[in-house]
Every structure is written in structure tokens, then in C-alpha cells.
Amino acid sequence: MLEIIYRDEHLIAINKPHGLLVHRSPIAADASEFALQLLRDQIGMKVNPVHRIDRKTGGILLFAFNKEVEIAMQKAFMENRVSKKYLAIVRGHTPDAEDIDYPLRKENGTLQDAFTSYTTLKRAELDIALGKHPTSRYSLVEAVPTTGRMHQLRKHLSHIFHPIIGDRTHGCNKQNKLFLEQWAMKTMLLHASQLNFKHPITSEEITIKAALQPEFTRVMEIMSW
């Protein structure tokens, strides 16, 4: 059963588990379960996602019950009128706070402005040697992207040499291998924790929050956070 964290007559949000695809995709032929179908079956109603989060990212996924609301919310996301917060566990000790203003290239080669702010919530140092380092350092950051580019947080955190643990595409292979061998953990430690937006029908200010998934919580415990 999917965890429903918000519902009214127009919108419904779930706390998506890590590893669950939003909907069928030709690039993920291995998947047999999808958030869209699972939610439709669970509530017995047709829904459509109004935004996307990566398969390996956990957290808030918002759906609309009708086309009018779907289009209005998609427009709000495209125009950056939806405020998003994410939690990520990354390699190394990050600065207390930082703004990342680094354009990202689309698949067709076009550069797009991309801006992310983050603050460091916690840091850890584990007595595990890796490479030339006698210990392993990690940080928990809260990241706020003010643009919505493909894989923006993953690319931005990699750009500043603090990649997200478990990110196979933009991350650190040595860290990913360590987490797999040491703790049998292959989840990407990125979680969509909060959405804020003006409701497209009622104009009410809506805040949706999602608790951490078990895999993320397990690593928090490993870090003694």
C-alpha cells in the first residue's frame, strides 16, 4: 500500500518509495510496478502525475484527479511557482551553506540556467578507511532547487564534489561500492521532503511533507544522526 500524505477532491500526494517508477518507461523494462497504476488500483480512481521525480528518489509525488488541475499544476512547476525541499546524504563535509549557480546542458546540447541553494544539517565521520583517506566523511544537506532541470540536484552536488550516496550516474563509484558491501545499501539517498504551492482551484497555500523512507533512516542511524 502506498502512503497517502495529502488528498482533497483535486489533488493527491504519496510518499513514493525509493526504486519505484512513476509510470511505464521503455528505458526501464525491468520494472513491473509503477506508482501511477498502484495508486489508481489503491483508491479506485484515475490519477495523473503533475511532475516527475527520479525512480531512485523517495518522497513526495503529486497527482491530479482531472485534466484542468493537472495542466494548472504542471504550469506551476514549469514556472517555478512550486517551492521544493529535498534531503540528501552526500560524500564529504559540506560548507554550512552554499548557492550553486551552474548551468546544465539538455540532451539536445542547449545550456539552461540552474540554481540550487543548500544548508548542511549534520556531519559525520566514520572510522572506515577509503582510498587515501583514513576515515569516511558524510553530510546531510537540505537542498532547495529554484529551477527544475533534469537531475539538477544530482548534477549540482556532483559538480561541487559532494555527490549523493547511491547515485550511480553522477555519484562516486567507490562510495557506492562501500555502501553496498558494508551495509547492503544501494538506494540513492535523495528524498523529496516538502512541497509548497498555491492550490490551483482554492488558491489556498498548501504545504505537503513526507517522512523519510526506511532505507534513508537506516543510513541516518549508521551516521548516528
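Some notes on this structure:
- Residue in region 181-191 that is among the aromatic types (F, W, Y) and either free of Cβ contacts under 8 Å to residues at least 40 places away in the same chain or over 23 Å from Q213 (Cβ atoms) (or both) present: yes
- Condition met for G59 (open to solvent by 20 Å² or more (accessible area, probe 1.4 Å) and at positive phi): no
- Looking across region 107-134, the residues that are in contact (Cβ under 8 Å) with a residue 40 or more places away in the chain, part of a strand (DSSP E or B) and farther than 22 Å from E79 by Cα come down to K122, A124, L126, L130.
- Any hit, region 96-109, residues being β-branched (V, I, T), within 26 Å of H199 (Cα to Cα) and open to solvent by less than 60 Å² (accessible area, probe 1.4 Å): no
- Residues of region 137-154 classified as part of a strand (DSSP E or B) and surrounded by fewer than 18 Cβ atoms within 10 Å (Cβ to Cβ), total: 3
- Of K85, K75, all but one fail to be closer than 30 Å to Y138 by Cα and open to solvent by 30 Å² or more (accessible area, probe 1.4 Å); the exception is K85.
- Some residue of region 68-77 being of a type outside the set (S, T, Y), over 18 Å from A211 (Cα atoms) and outside any helix (DSSP H, G or I): no
- Those residues of region 37-56 which are assigned to a helix (DSSP H, G or I), open to solvent by 10 Å² or more (accessible area, probe 1.4 Å) and not polar (S, T, N, Q), in sequence order: L38, R40, D41, I43
- Only one of the numbered conditions (1) in contact (Cβ under 8 Å) with a residue 12 or more places away in the chain; (2) within 25 Å of D127 (Cβ to Cβ) is not met by N173, and that is (1).
- Test for H23: is it modelled with pLDDT of 90 or more and out of contact with any Cys (no Cβ under 8 Å at 6 or more places or on another chain): no
- A Cβ distance below 6 Å, combined with a sequence gap of six or more or placement on separate chains, defines the contacts here; from region 135-147, residues that are closer than 12 Å to N80 by Cα and touching a residue at least 24 places away in the same chain (Cβ under 8 Å) reach residues that are part of a loop (DSSP other than H, G, I, E, B) and open to solvent by less than 20 Å² (accessible area, probe 1.4 Å) in the pairs T147/A114.
- Residues that are modelled with pLDDT of 95 or more and surrounded by 16 or more Cβ atoms within 10 Å (Cβ to Cβ) were ranked within region 124-136; the one that is farthest from D96 (Cα to Cα) is S136.
The values are calculated or read from the model by the stated rules, or taken from the named source; none is laboratory data. Quick caveat: nothing in here was measured; it's all calculated off a predicted structure. FYI the Cβ positions are ideal-geometry reconstructions off the backbone, even for glycines, and counts take in every protein chain you see. Heads up: the accessible areas ignore ligands, DNA and RNA and are worked out on the full protein's heavy atoms, side chains in. Shrake-Rupley method; radii C 1.70, N 1.55, O 1.52, S 1.80 Å.
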